[in-house]
């Protein structure tokens, strides 16, 4: 049991981050705080993927004659990292669009509180 | 950008820094395919050098460096460089973005062809990223025209 | 040459036009709309060519950068993706022809941005349909979603706020999908769909795979407005500009449904899906609730675009229900309904756009019998699409519902059958009340507007013809449904 808890520590951290992100998205009324929750949610998934590629005692995936490539245990798995580079770029683009929409919303309603905006729309 | 005041120290400092940042950005773009760096990072550095002048000098001074008008076509040209490379490899009988089919002169071996093909792509990405980041800054400085 | 490169060219054509439009748009903003229409037209033409020539052929696989899968990224052009690509590109082509006067009127100084983003949207959708790689699918999903947020934000006063809410929900969905793909990658070590399908039977019943299925279905369910995840849809479609909603409503949710088909029926297969928990039944049940919920909410709406949005939720429910039945009739019904609903919804949103263009509103409570004289063709198209929506023969909507009903009977699922029948009645309630207002005089009205002297005041031909073509298309699809079904029969996933 103790091994199970300790051995999966990166997953536990991912789960905690995921829950914090979802909490921010669902319960926070301020739209900027919602966006922050969204970013935390994305970060948790990115960290999960990055943790997939890591190995104990392995080195960075650049070919080194001292470590033969025939033994995969010598090198980290670079694929999740490169994929997450793309996912981070996607996340940044989403963040940019979100803030642009927030600026437009603020110009129209002069507030960023969800309840007040919904009241004004009604 | 609504109210401006002149500060010679800030402007002079930015003018001193800007070319070096730009040079470093170009260095990062050109070394991106075999060392850390690349089009995104280099483009962001180029954009930061342009935006530095915009922040410190205001609209009139920055117009001397990169005009607001030029950012949109520049971004499109960056993407076209990327896209055109892919189309050229299609025209020379291979798949999209297959650098080995690119018609570089000199009879290079496939590894070298890939080396130069990625360089072309990185230059295209660098131009596009720079232009788009500057464009975002210009739009935010101008504000929204909703009434 | 074009044969080998067809899958890539269809999608990349949109990327080319997305950058050509700003280049020309700076010079002359009137060029944006013709260029966008040209781009969609070229892609639609290529899709038609590909559809006709590779109908029963082996799937066409395109390897980007000549890297062989599973290392490289590939595009797969098989029967199903050819069908969906043809539907979405053809609809985009007609909607873009239709969009010019609305765009000039509703957002005159944003033409270049609008049409450039439209092309990016279509790039995202085409990529989602064609790609054979799960992570690549996520990237295209996000491209399409980001473009959708931008298109929705161009609109009425509340549009940016509703786009923001969609962004929050949609990005959460996309992130959950990514997490699901991560689980699958941990288990199989590959991201290529064909490669992963071959490995799947080894991992039957594995708890990671089950979790991945649930996460992916929830993530895609957000995008296709499956019942509990539909909250973003009504506001977005209502407040967006008329041309945006006419483009997004028929295409956006359909592509997400296509991804759902790919994941549920092709990647996992129905046996593996239902091995531990009956996921397909749960999905079908949610779809059934969505059908009833959408129909009932649509009756309560007074704004036509909002009513159509709720109707979309209900119609998406039909398609998802067809998938969840997982028998040949259900599959035929689902795919036929993707085509029918895309055409019907495009037609109906164009009608609402035409009314907004001429009357300045699309409020159903203000409709009266003068519309019949003022807009004869618009109202005729509306009637055809509405009757098809309700599902009367020989219009297209009847046949997809017929196959869905056959599917429920074959699955001995009487609950779903009764949902389909009840929902048809509810559809009739909310569409026929508009027809009643338009085609019959209101005897309780205080002052009678005279019929005489009203002349036809129709919109421009560029707006009228695409709408009429769709209305006529509903007849054609209905009459030639046997041919379409014969095509769909070739696309069955393995084990169905």
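The values are calculated or read from the model by the stated rules, or taken from the named source; none is laboratory data. Keep in mind the model is a prediction, meaning the values are calculated, not measured. So basically every Cβ, Gly included, is an ideal-geometry build from the backbone, and we count neighbours across all protein chains shown.
Among the residues of segment C:197-208, are any more than 12 Å from every other protein chain (Cβ to nearest Cβ), closer than 21 Å to residue C:71 by Cα and either in contact (Cβ under 8 Å) with a residue 60 or more places away in the chain or buried (at least 17 other Cβ atoms within 10 Å of the Cβ) (or both)? The answer is yes; a qualifying residue exists.
Of all the listed residues (A:32, A:60), the sole one being farther than 19 Å from residue C:178 by Cβ and within 12 Å of chain C (Cβ to nearest Cβ) is A:32.
Exactly one residue among C:121, C:146, C:178, C:167 is crowded, with 22+ Cβ neighbours inside 10 Å, more than 9 Å from chain A (Cβ to nearest Cβ) and part of a helix (DSSP H, G or I), and that residue is C:121. If I ask for residues that are farther than 16 Å from residue C:396 by Cβ and free of Cβ contacts under 8 Å to residues at least 60 places away in the same chain, which ones from segment C:452-485 would you list? Hits for segment C:452-485 are C:452, C:453, C:461. Where residues in segment C:1-28 are over 24 Å from residue B:125 (Cβ atoms) and surrounded by fewer than 17 Cβ atoms within 10 Å (Cβ to Cβ), which of them is modelled with the lowest pLDDT? Per the criteria, the residue is C:1. Just checking, does segment C:39-59 include any residue being within 27 Å of residue C:135 (Cβ to Cβ), over 23 Å from the mean Cα position of the chain (by Cα), in contact (Cβ under 8 Å) with a residue 60 or more places away in the chain and surrounded by fewer than 18 Cβ atoms within 10 Å (Cβ to Cβ)? No, segment C:39-59 contains no residue that is within 27 Å of residue C:135 (Cβ to Cβ), over 23 Å from the mean Cα position of the chain (by Cα), in contact (Cβ under 8 Å) with a residue 60 or more places away in the chain and surrounded by fewer than 18 Cβ atoms within 10 Å (Cβ to Cβ).
Check whether at least one residue in segment C:70-80 is within 14 Å of chain B (Cβ to nearest Cβ), without any contact (Cβ under 8 Å) to a residue 12 or more places away in the chain and over 24 Å from residue C:348 (Cα atoms), and report yes or no. There is at least one residue in segment C:70-80 that is within 14 Å of chain B (Cβ to nearest Cβ), without any contact (Cβ under 8 Å) to a residue 12 or more places away in the chain and over 24 Å from residue C:348 (Cα atoms). The residues in segment C:469-496 that are in contact with a helix residue (DSSP H, G or I) (Cβ under 6 Å, 6 or more places away or on another chain) and in a helix (DSSP H, G or I) can be counted, and the count is 11.
Every listed requirement among (1) farther than 27 Å from residue C:488 by Cβ; (2) away from chain B (no Cβ under 13 Å) is met by residue C:88 save one, (1). If you check C:191, C:137, C:141 for being more than 9 Å from every other protein chain (Cβ to nearest Cβ) and either touching a strand residue (DSSP E or B) at 6+ places or on another chain (Cβ under 9 Å) or over 30 Å from residue A:30 (Cβ atoms) (or both), only one passes: C:137.
Checked against the criterion of being more than 25 Å from residue C:28 (Cα to Cα) and facing another protein chain (nearest Cβ under 9 Å), the candidates B:56, B:94 yield just one match: B:94.
For segment B:97-140, the set of residues classified as at positive phi and either more than 10 Å from chain C (Cβ to nearest Cβ) or within 12 Å of the chain's Cα centre (by Cα) (or both) consists of B:106, B:107, listed by residue number.
This table checks each residue for (1) within 22 Å of residue A:44 (Cβ to Cβ); (2) at pLDDT 90 or above.
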{"position": "C:173", "(1), (2)": "yes, yes"}
{"position": "C:177", "(1), (2)": "yes, yes"}
{"position": "C:182", "(1), (2)": "yes, yes"}
{"position": "C:191", "(1), (2)": "yes, yes"}
{"position": "C:207", "(1), (2)": "yes, no"}
{"position": "C:221", "(1), (2)": "yes, yes"}
{"position": "C:249", "(1), (2)": "no, yes"}
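Within segment C:292-323, the only residue that satisfies the criterion of being touching a strand residue (DSSP E or B) at 6+ places or on another chain (Cβ under 7 Å) and within 19 Å of residue C:350 (Cβ to Cβ) is C:303. Checking each residue in segment C:360-401 for being over 21 Å from the mean Cα position of the chain (by Cα), in a loop (DSSP other than H, G, I, E, B) and on the phi < 0 side of the Ramachandran plot picks out C:361, C:362, C:367, C:368, C:369, C:375, C:392, C:393, C:394. Evaluate segment C:100-111: report whether one residue or more is surrounded by 22 or more Cβ atoms within 10 Å (Cβ to Cβ) and part of a helix (DSSP H, G or I). Yes, segment C:100-111 contains at least one residue that is surrounded by 22 or more Cβ atoms within 10 Å (Cβ to Cβ) and part of a helix (DSSP H, G or I). Restricting attention to segment C:149-164, the residues that are over 22 Å from the mean Cα position of the chain (by Cα) and more than 8 Å from every other protein chain (Cβ to nearest Cβ) total 1.
For segment A:63-94, how many residues are away from chain C (no Cβ under 11 Å) and in contact (Cβ under 8 Å) with a residue 40 or more places away in the chain? Adding up the residues that qualify gives 1.
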